[in-house]
Amino acid sequence: MIKITPSTIKALALDLDGTTLLPDNSLGERTIQCLKWLKTRGMKLIICTGRAIESSRRYYSAIGAEGPMVFFNGGEVVDIPAMKVISADLLSLDVVDFCIDLARDMGVHFQIFLPPPDGPGTEENSWETLLTEKQSPQAQMYQNHTGIKPVITDLKAAISVPGLKGCPKAMFITDPPLHDKIRQKLTDRFGSRIYIVRSSPVFLEIMNAGVSKGEGLKIVMRHYNLKPEEVIAFGDEENDLPMFAVAGYSAAPSNAKENVRQAAHFVFGSNAEEGLAVFLEKLFG
């Protein structure tokens, strides 16, 4: 039986969707107050999410979290609120080009994020741009989920802009039965050059090889000089497992995928019941 000595924990690596957030994608008041209280005690709150910075802003702002955080499943590590890029590992454009053709052939929704041509900024919407080829139900669902309105454009033209080096993340949004088919086609073509992960039942994300929340968390831990035994990672999906391997302790909500619950050292109440806050209150008292 693994036990945690609360006084040794210096940081929490927090997945957002399905873990920290309520099912309606909001932050519960109990969770906000709990995390703000821990921050006043010196706890590092490290957001580790598949989301873009823009769609994460309201959450890290609500709890007052600052410092290096992991976005795009590790594709970018950015110091907040300074918007200083600590690490960026971009997906090659030839992979994106192949994905565009695949999505067109299969008739499924595909979208990409592109960084701004002049680098990051500090104003709202000054960071990454979401692009897709049509205003589909999946595009609307993603907009409702993240608050990011996509730019409708020809993706082939978008990735042909001179000077563009790559994109932090590409994503298929489609029914789970098609995920395996898409994975197989991409793996047959690119092999170990890419990282494919499911971040929700319908989200299949494509990133550069070596990108993961675990690798992003390693970068943040080095920044703070944190040891694994000083960090607890929290998550509910496949893309959170690399974090579990990096942190000294791991915990999953009861609504997590079965293999994620099995991999976690601790299982707490569901996100619908603000189980994270209950777990932290009990642990840190």
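The values are calculated or read from the model by the stated rules, or taken from the named source; none is laboratory data. Bear in mind that the values here come from a model prediction, so they are computed numbers and not experimental data. Cβ atoms come from the backbone with ideal geometry, glycine included; neighbour counts cover every protein chain shown.
Summary of values
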| item | result |
| --- | --- |
| MET141 being surrounded by 15 or more Cβ atoms within 10 Å (Cβ to Cβ) and out of contact with any strand residue (DSSP E or B) (no Cβ under 6 Å at 6 or more places or on another chain) | no |
| Qualifying residue in region 215-226 (condition: loosely packed, with under 15 Cβ neighbours inside 10 Å, polar (S, T, N, Q), at pLDDT 95 or above and farther than 25 Å from VAL96 by Cα) | yes |
| Residues being within 20 Å of ILE9 (Cβ to Cβ) and not β-branched (Val, Ile, Thr) - total across region 243-282 | 24 |
| Yes/no for THR40 being assigned by TED's automatic domain parsing to the domain that holds LEU276 and without any contact (Cβ under 8 Å) to a residue 24 or more places away in the chain | yes |
| Flag if LEU114 is modelled with pLDDT under 95, farther than 19 Å from PRO242 by Cα and not small (Gly, Ala, Ser) | yes |
| Residue list for region 178-199, restricted to those being among the hydroxyl-bearing types (Ser, Thr, Tyr) and at pLDDT 95 or above | THR187 |
| Test result for LYS134, assigned by TED's automatic domain parsing to the domain that holds ALA65 and surrounded by fewer than 13 Cβ atoms within 10 Å (Cβ to Cβ) | no |
| Entirely in region 1-120, the strands (runs of 3 or more DSSP E) that have 1 or more residues that are under 18 Å from the mean Cα position of the chain (by Cα) and surrounded by fewer than 15 Cβ atoms within 10 Å (Cβ to Cβ) | 84-88 |
| Members of region 26-55 that are farther than 22 Å from LYS10 by Cβ, at pLDDT 95 or above and not basic (Lys, Arg) | SER26, LEU27, GLY28, GLU29 |
| Whichever residue in region 129-173 is assigned to a loop (DSSP other than H, G, I, E, B) and among the hydroxyl-bearing types (Ser, Thr, Tyr) and, among such residues, is nearest to ARG58 (Cα to Cα) | SER136 |
| Residue match in region 62-70 (condition: at pLDDT 95 or above, under 30 Å from ARG189 (Cα atoms) and not basic (Lys, Arg)) | yes |
